[in-house]
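Colleague: Pasting in a structure now, in structure tokens, and then I'll have a few things to ask.
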Amino acid sequence: MAAITHTGHDSRAINSMGLWLFIASEFALFSAFIFARYYLTGRDQPEELNIGLGYAITVVLLSSSVCAYLAEQAIARGDRRRFLRFTLAAIVLGTLFLVGVGLEWREAAHSFPPPDLYGTVFFSLTGLHASHMVTGLLALLFIWVQGRRGRFDAEAHWGVTGVVRYWHFVDLVWLIVFPTLYLV
Amino acid sequence: MKPRDAYAAFVIWVVLTALGEAFVLRANIYPLAGNEFARDVDDAFRLLMALAVPVFTFVVTVLVYSLLRFRRNGEPAEDGPPIHSHRGAVWGWFAVTSGLTLLVMVHPGFTGLLELRESRHQEMVVAVQAAQWSWNFTFPGRSELEKVKDLKLPTDTKIRFDVTSRDVVHSFWLPMYRMKIDAVPGRVNSVYVATEEAVSYGENVNVRVQCAELCGTGHPRMQVRVEVVERPEFDAWLAEQEAG
Amino acid sequence: MAATALIARTRDWAFGPILRGLLTGLVGFSLGAGFTAGVRALAGADAIAFGPVIFGGYWFGLAGWLLGVGVWRTWAREWLGMPVDWTMRNGWQRYFDFTTDHKVIGVQYLVTFLGMFFLAGLLAMLMRIEHLTGGQVLFSPSQYNYVMSLHGITMIFVAVAAVIGGFGNYAVPIMIGAADMAYPRLNALSYWLAAPVPVLLLATFFAGGFDAGWTSYPPLAVENRDGQILFNLAFITLGLSSIAGSINFIVTVTKLRARGLSFGRLPIFVWGVFAMSLLGFFFTQYVAAAMMMTLLDRLFGMVFFDAAGGGDPLLYQHIFWFYSHPAVYIMGIPGLALALEVITHFSRKPLFAYRWVVGGILAITALSAVVWAHHMFTAGLSDIELFFFVTTTELISIPTGLIFLGALGTIWGGRLWLRTPMLFALAVIFNFLIGGLTGIFLADVFTDIHLQDTFFVVAHFHYTIVGAGIFGLFAGIYYWFPKITGRSYSEFWAKLHFWWMFLGFNMTFLPMFWLGLNGMNRRVASYPSDLEALNVVASLGGFFLGAGFLVFLANIVVSWVRGPAASANPWRARTLEWHTSSPPPVENFESEPEVVGHPYDYGTPGAVHAMLAGAEEEGG
Ligand SMILES: [Cu+2]
Ligand SMILES: [Cu+2]
């Protein structure tokens, strides 16, 4: 029966297209909050922002993305050891990023708590991004556990490709969110 | 389908259009118009109807004519002619609809915007504060009149209303002047109204201020009865309000 | 991996999946609510505040519900490398299960949203009773606002989901010769994600209702009764469902078309669903964002829309309409496309100017992204903004005109077969003509200032959304009834229903244009008594319109149970769904279809649209 369903249809291409659409859709969600930030606060920006910490976690997140990329390359060559090692590194760096955001939040909660306008855009935008980070981390954790159990190889690793692509997307969003909140 | 069908439909269309135009150009479906601006808006409305009539009658003629002329009793035994398109018909349609669209875009679209712009003159500025569920007015040099239920305005005066809100979004609507602006918290939106003759809510219900944006329980009754009166009477009323 | 390879848990009880879902949903809700209350207690806040607890509980409850109703069995177990152990059921039970067959899902959508349609229709009857006089009849103003708001949002959800969710799911995969959607399990998820939405809406009753209309503008929607929270959650939930559905349609139509079915041969209904999915998958996120910001303001003390704190209520209107204007096309275009589909087959003539019509639909799709602020002409926009949005909005008339060109060019000189689907399809054209022409009065700032927020607008959008979307829905119901059920409906009762609904509809909504022009603003329990006469006409029309649906229900129920058997192709239509049995088998075709020609080549001897491998050609 399944024969008819997928005659001539490449299920990897189908999944890939769906993921791209999902990412585009998520981008729309972020764009609404980014628009809100510019609409409400224009070029204003509070003094209290800890830009140093901001740069630091940005670097951490970028390294995480690089590790995820290397992990995907590794599994594509069938190198499971390297795949697991880099996935784990991506997870650790991603978690470190979240810890950094947590520190930012502690400072921000003192300088401009939510009833403040900048607090509103800061907490909503970083919170929205952090919730996507958590989803991405869970997904990375999932492929790491599956990888340890012997799943994924050079031929079949769509799960890895999909999760890593999502992870890159979440990083890319941060590269827009960061200047939006800290630099403009 | 023969040329005869096209001629017949054309004649029907012309007749229906003539009847339709006669109706929309003469029908008085409009509420009381209190000034020049309102009459211009009604003219624009009438013009749009006049332009809509031939479009409406065209579609209805083709629909109903086809329905009667091309119907088959029961399942059609044969197919219709294999006409996939018709260059002249398509480009003609495209040209006519585009032309009509551009026409209404320019007039009354852009010209209406211009008239709106040119209507911005004031001899008197009135601050309007909306609140759940009442209207508060401040006339120049006077203290605020709170929870106004009856309002007087002077005749033949160009008035600017600076409208804002204290709580939720409301909308300041003067139906007889065809003018409306939202009362948005944190913003002051201005509208310009030139009063003309004396007229009162007692004569026509559209001589009122009506909240037009849903604002909660009291929304429908968030209205002010308006009376446009001669200047001396207005001044006396205002002084009396101040005193009372 | 293929969804159809999923197996059987044959001895499951019929309502097992739903009950398990309710149970796990309840567990999830308790966990989420408890967690939220705990966090609040630790933070020193009032632990069991209604809003935050409901909000926190809801998301866990929703996850629990989805896991219990089917995601765990069909999906999560596979991810976790556990044996997947269930199969699609065959009997009526499959309609109450996490079934992946797109035809079952289509029927689930149809029945669910028809139920919501009748419910919201009853609310409309109550509103029309209230409007029998200018004063108070049935409700206090606050009760009226709740009934009106609930009517509005329920009908909006019906308009968004009934045609696309129902017939998009049922017909599109068959029409393109696919065995199912691209992601069958995601498709089932979309439906079961939509299923809690009516429950949330009804639950607003127990949370004090809500009164901000379907547009729910802040600050009102941030300050009003707590039912508003459930409204916001319902909107986000349906949004997620329609994003998932839209992605599924886009990939299905792009990737799963039968061999030979190029985009230039796509049936027009498929085009309609495809184009609207392009809007749905992207723009729906904006309404989700607007709802989230409302909730953040309400529950977490943020100030997006609070002017006193530096926020701006207009921000909401921009984001909301950035979705909701495209959404009105999501509500209207599928019905229009369905009408064109029906008109073509029942005129037995090719769809006139097919490419122009497709171009028109795509142009509307593109333009709809840049017209949103015409809903805000009285909100205090600058002159340059007004100028821009008048221009873009008026431009939409041109591609819309092409849809009329297609309809009129097709029926002219055709061989019209006036069965019920055709009558409904022609009514779509007529109603949408009125809806479209009156839209021009609203697209133009000069006339719109007066008409904005009046019954003129109410009449206008009922002519477009009900007149095109819902009349299209009924065209589809009668058109595909034989295909879905394998039975024929009674033509007499169907035609009676048509004329009843057509007359009732026009009698209800035509007077409202005049009422709005003459000073009746919308969303009011009371109005100036000068306007009573035509309100009574509209009310009587409304009661008449409502009563007509009894005819529909009786006909559909009786015909479904014991109507005469229908053949595979009772209309002698040419698209692919008529090349398979009524109802079609699981995976739709006995053998693989191949498309060799245009779907609308009526009148060309020997022209064939599609063939099934191994079968004799079955063109038509
Ligand atoms: Cu109001
Ligand atoms: Cu719109």
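The values are calculated or read from the model by the stated rules, or taken from the named source; none is laboratory data. These numbers come from a predicted model, not from an experiment. Note that each Cβ is placed from the backbone with ideal geometry, even for glycine, and that neighbours are counted across all protein chains shown.
Colleague: Could you tell me whether any residue of the range B:110-126 is modelled with pLDDT of 95 or more, of a type outside the set (S, T, N, Q), crowded, with 20+ Cβ neighbours inside 10 Å and away from ligand 2 (no atom under 16 Å from the Cβ)?
Modeller: Checked against the condition, which is being modelled with pLDDT of 95 or more, of a type outside the set (S, T, N, Q), crowded, with 20+ Cβ neighbours inside 10 Å and away from ligand 2 (no atom under 16 Å from the Cβ), the range B:110-126 yields no hits at all.
Colleague: For the range B:191-231, which residues satisfy the criterion of being touching a residue at least 60 places away in the same chain (Cβ under 8 Å) and under 17 Å from residue B:123 (Cα atoms)?
Modeller: Hits for the range B:191-231 are B:192, B:193, B:194, B:195, B:196, B:197, B:228, B:229, B:230, B:231.
Colleague: Can you name every one of the strands (runs of 3 or more DSSP E) wholly within the range B:152-244 that holds 3 or more residues which are aliphatic (A, V, I, L, M) and closer than 19 Å to residue B:32 by Cα? Steps first, answer last, please.
Modeller: Details: elements: B:158-165, B:170-174, B:179-183, B:189-194, B:208-211, B:223-229.
In the range B:152-244, B:223-229 are the strands (runs of 3 or more DSSP E) which contain 3 or more residues that are aliphatic (A, V, I, L, M) and closer than 19 Å to residue B:32 by Cα.
Colleague: What about residue C:165, is it touching a Lys or Arg at 6+ places or on another chain (Cβ under 9 Å) and part of a helix (DSSP H, G or I)? First the steps, then the outcome.
Modeller: Numbers: touching a Lys or Arg at 6+ places or on another chain (Cβ under 9 Å): no; part of a helix (DSSP H, G or I): yes.
So residue C:165 does not fit the description; no.
Colleague: Further question on the same structure: Taking the range B:68-94, which residues are part of a helix (DSSP H, G or I) and either among the aromatic types (Phe, Trp, Tyr) or within 7 Å of chain C (Cβ to nearest Cβ) (or both)?
Modeller: Correct list: B:89, B:90, B:91, B:93, B:94.
Colleague: In contact (Cβ under 8 Å) with a residue 40 or more places away in the chain and not in a helix (DSSP H, G or I): is that true of residue C:414 in this structure?
Modeller: yes
Colleague: May I ask you to say which residue of C:389, C:424, C:432 is more than 7 Å from every other protein chain (Cβ to nearest Cβ), more than 24 Å from the chain's Cα centre (by Cα) and in a helix (DSSP H, G or I)?
Modeller: Step by step, each of C:389, C:424, C:432 is checked, and only C:389 is more than 7 Å from every other protein chain (Cβ to nearest Cβ), more than 24 Å from the chain's Cα centre (by Cα) and in a helix (DSSP H, G or I).
Quick grid of which residues meet (1) within 13 Å of ligand 2 (Cβ to nearest atom); (2) aromatic (Phe, Trp, Tyr); (3) in a helix (DSSP H, G or I):
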{"position": "C:340", "(1), (2), (3)": "no, no, yes"}
{"position": "C:363", "(1), (2), (3)": "no, no, yes"}
{"position": "C:373", "(1), (2), (3)": "yes, no, yes"}
{"position": "C:393", "(1), (2), (3)": "yes, no, yes"}
{"position": "C:404", "(1), (2), (3)": "no, yes, yes"}
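Every residue, every condition in (1) facing another protein chain (nearest Cβ under 7 Å); (2) out of contact with any Ser or Thr (no Cβ under 7 Å at 6 or more places or on another chain); (3) buried (at least 18 other Cβ atoms within 10 Å of the Cβ), yes or no:
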residue: B:171; (1), (2), (3): yes, no, yes
residue: B:195; (1), (2), (3): no, no, yes
residue: B:209; (1), (2), (3): no, yes, yes
residue: B:229; (1), (2), (3): no, no, yes
residue: B:239; (1), (2), (3): no, yes, no
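Colleague: Among the residues that make up the range C:139-152, is at least one of them in a loop (DSSP other than H, G, I, E, B) and over 24 Å from residue C:18 (Cα atoms)?
Modeller: yes
Colleague: Hey, can you tell me all the residues within the range B:211-227 that are within 14 Å of chain C (Cβ to nearest Cβ) and more than 16 Å from ligand 1 (Cβ to nearest atom)?
Modeller: B:225, B:226
Colleague: Tell me which residues, restricted to the range C:173-205, are assigned to a loop (DSSP other than H, G, I, E, B) and more than 16 Å from the chain's Cα centre (by Cα).
Modeller: Answer for the range C:173-205, where residues must be assigned to a loop (DSSP other than H, G, I, E, B) and more than 16 Å from the chain's Cα centre (by Cα): C:176, C:177, C:178, C:179, C:180, C:181, C:182, C:183.
Colleague: Step by step: first the residues of the range C:354-373, then only those that are buried (at least 18 other Cβ atoms within 10 Å of the Cβ) and more than 14 Å from chain B (Cβ to nearest Cβ), then the one that is nearest to ligand 1 (Cβ to nearest atom). Which residue is that?
Modeller: C:372
Colleague: Inside the range A:17-65, can you point out the residues that are more than 12 Å from chain C (Cβ to nearest Cβ), assigned to a helix (DSSP H, G or I) and touching a residue at least 60 places away in the same chain (Cβ under 8 Å)?
Modeller: A:51, A:54, A:58, A:61, A:62, A:64, A:65
Here is a yes/no grid of residues against (1) farther than 30 Å from residue C:607 by Cβ; (2) away from chain B (no Cβ under 14 Å); (3) buried (at least 23 other Cβ atoms within 10 Å of the Cβ); (4) touching a residue at least 60 places away in the same chain (Cβ under 8 Å):
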site: C:483; (1), (2), (3), (4): no, yes, yes, yes
site: C:488; (1), (2), (3), (4): no, no, no, yes
site: C:491; (1), (2), (3), (4): no, no, no, yes
site: C:520; (1), (2), (3), (4): yes, no, yes, yes
site: C:533; (1), (2), (3), (4): yes, no, no, no
site: C:544; (1), (2), (3), (4): yes, yes, no, no
site: C:570; (1), (2), (3), (4): no, no, no, yes
